[in-house]
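Just below is one structure, and these are the notes that go with it.
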Amino acid sequence: MTRWIRPGTGCCVLPALFFTALAGCGSSNSKPAPITTTPDASFPSDAVGVADTTPVPVGTVDAGSAPDIVTAMSSVQRIADPQVPPADTTTLASDNAAFAFAAYQQLITANTNLVFSPASISIALAMTYAGAATTTATEMASALHFTLPPAQLHPAFNALDQTLASRGQGFLGGDGRPMQVDIVNALWAEKTYTFRSDFLDTLAENYGAGVNLLDFFNAPDPSRLTINAWVANQTDDKIQNLLPPSSIDSSTELVLTDAVYFNAAWNAPFDANNTHDGPFTRLEGNTVTVSFMNAQLPLPATKGTNYVAASLPYADTRLSLVVVVPDAGQFSQVESSLNATTLATLVAGLISQPVILTLPRFKVETATSLKLLLQALGMTSAFINGTADFSGMDGTQTLFISDVFHDAFINVAEKGTEAAAATAVVIDADGGVALFMGLPVDATRPFIYFLYDQPTGAILFMGRVQDPSQN
């Protein structure tokens, strides 16, 4: 497991965590005998017990704050500077964006306000895909929109992961802390289980992921709490209960987690003196009173046929929050028309110009199981006991995915400090607006947003706000 923390700034705080658990399909009382670390312990030539590597205390490997976690690492080091062809980078960005919008269309059916991290989900499922075979691998590639072969896919993710983690160097946050773009990958394995060495090597060299050893068999709930504590530590306590009760049981063999934590200040912070209460018109036509941030400044923006959009840069201007505000009565039409291609076209068409911006403070958390979503996208066999094929992990077909959990949180305010983010506020555009000519970007009605990395086209977070009075 590797953790990156980069200096920078803070106006938006965005942690997301993805979790997938794989269970063994055998009887819960048929665990293999504990693996020893003595020289005469024997394993198949293509397999390795996760305990056959000398466990390293968590403090050395940075497995989190829990002192009782030990971590086994593959002897393979992460490739620090993967040489990935530009065409593969472009393909991965396009494929990930296609999955992001497919997931978005599934998630909006149950969420008025929404935030999720396509980057987090894609990275964690790519780690799982590294151990998939036959029909399971084919279905996963189709559902996730992976078109690169595995030999190109995992290095491309490695390059993307490390590129995003490098963002924000040299910038300070509005709360005085460094800008953070943390991408954290980890595996949690039943301490008695055996995994293939090539699977562990792929994860180590492309995702920097070690294997944290837990006693799922004898202590499933304490293991769950250990993972939750680790998640809370990695996300600055924004996500504290990723794994609900009973999500881990004695048949659990492997848990893969990926966390993304983002904390950055705007390139041009909002003036809190210009924040005023005003009406936000919901889709139903009624209004709620919220606090609106107001700014008059040049921004990349555009006016489409039935929407207006602007890109709000962070202190590291390679990252921005793209806000799309459909015209009144056009939200459903705009939302359904957005996809990877239309977003790329929209971003490419943004032109720097004077903008009169009205944006509510908003804070959204979305915690959900992704099992039904992934099944709806065609990833079915991975969840079926006896049908799933994760033989690339252990050389057998005894593993299957029991569930997939995702939790994301976004807090947008004037400067991005956690105190300011504790209140959902929106801006009012009165007082002196007539003296400033510009394109009105008036988010006093439902809007869609993307936290977007311009050079790579990666969508770190995306979602919608239909009622900012609801946190």
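Criterion first (surrounded by fewer than 24 Cβ atoms within 10 Å (Cβ to Cβ), in a strand (DSSP E or B), at negative phi and modelled with pLDDT under 90) does Asp175 satisfy it?
Criteria not met by Asp175.
If you go through segment 330-361, how many residues are surrounded by 14 or more Cβ atoms within 10 Å (Cβ to Cβ) and assigned to a strand (DSSP E or B)?
7
Would you mind finding the one in Ala132, Ala143, Ala156 that is part of a loop (DSSP other than H, G, I, E, B), crowded, with 20+ Cβ neighbours inside 10 Å and not acidic (Asp, Glu)?
Of the residues listed, the single one that is part of a loop (DSSP other than H, G, I, E, B), crowded, with 20+ Cβ neighbours inside 10 Å and not acidic (Asp, Glu) is Ala132.
So, in segment 442-471, of the ones that are of a type in the set (Gly, Ala, Ser) and assigned to a loop (DSSP other than H, G, I, E, B), which residue ends up nearest to Gln296 (Cα to Cα)?
Only one residue fits best here, namely Ala443.
Answer yes or no as to whether Thr235 is under 20 Å from the mean Cα position of the chain (by Cα), surrounded by 23 or more Cβ atoms within 10 Å (Cβ to Cβ), more than 28 Å from Ser469 (Cα to Cα) and at pLDDT below 85.
When the stated conditions are applied, Thr235 does not pass them.
Is it the case that Thr226 is within 23 Å of Ala133 (Cβ to Cβ), β-branched (Val, Ile, Thr) and in the same structural domain as Pro245 (by TED's automatic domain parsing)?
no
Which of (1) part of a helix (DSSP H, G or I); (2) of a type in the set (A, V, I, L, M, F, W, C); (3) at pLDDT 85 or above does Val364 not meet, given it meets every other one?
Just one mismatch for Val364, condition (1).
Quick check on segment 92-129: of everything there that is polar (S, T, N, Q) and buried (at least 20 other Cβ atoms within 10 Å of the Cβ), which residue is farthest from Leu399 (Cα to Cα)?
Asn113
Just to confirm my filter: which strands (runs of 3 or more DSSP E) fall fully inside segment 240-324 and include at least 1 residues that are among the aromatic types (Phe, Trp, Tyr) and closer than 30 Å to Gln162 by Cα?
Because the criterion is at least 1 residues that are among the aromatic types (Phe, Trp, Tyr) and closer than 30 Å to Gln162 by Cα, the strands (runs of 3 or more DSSP E) in segment 240-324 that meet it are 252-264.
So is Ala295 surrounded by 15 or more Cβ atoms within 10 Å (Cβ to Cβ), modelled with pLDDT under 95, among the small types (Gly, Ala, Ser) and in contact with a Leu (Cβ under 9 Å, 6 or more places away or on another chain) or not?
yes
Would you mind stating whether Asp182 is modelled with pLDDT under 85, among the acidic types (Asp, Glu) and closer than 24 Å to Gln454 by Cα?
Considered against the rule, which asks whether it is modelled with pLDDT under 85, among the acidic types (Asp, Glu) and closer than 24 Å to Gln454 by Cα, Asp182 comes out as yes.
Quick one: how many residues across segment 304-356 are of a type in the set (Gly, Ala, Ser) and closer than 25 Å to Phe171 by Cα?
Counting residues in segment 304-356 that are of a type in the set (Gly, Ala, Ser) and closer than 25 Å to Phe171 by Cα gives 5.
The values are calculated or read from the model by the stated rules, or taken from the named source; none is laboratory data. Owing to the predicted nature of the structure, the values given are computational and were not obtained by experimental measurement. Glycine also receives a Cβ, built like all others from the backbone with ideal geometry; neighbour counts cover every protein chain displayed.
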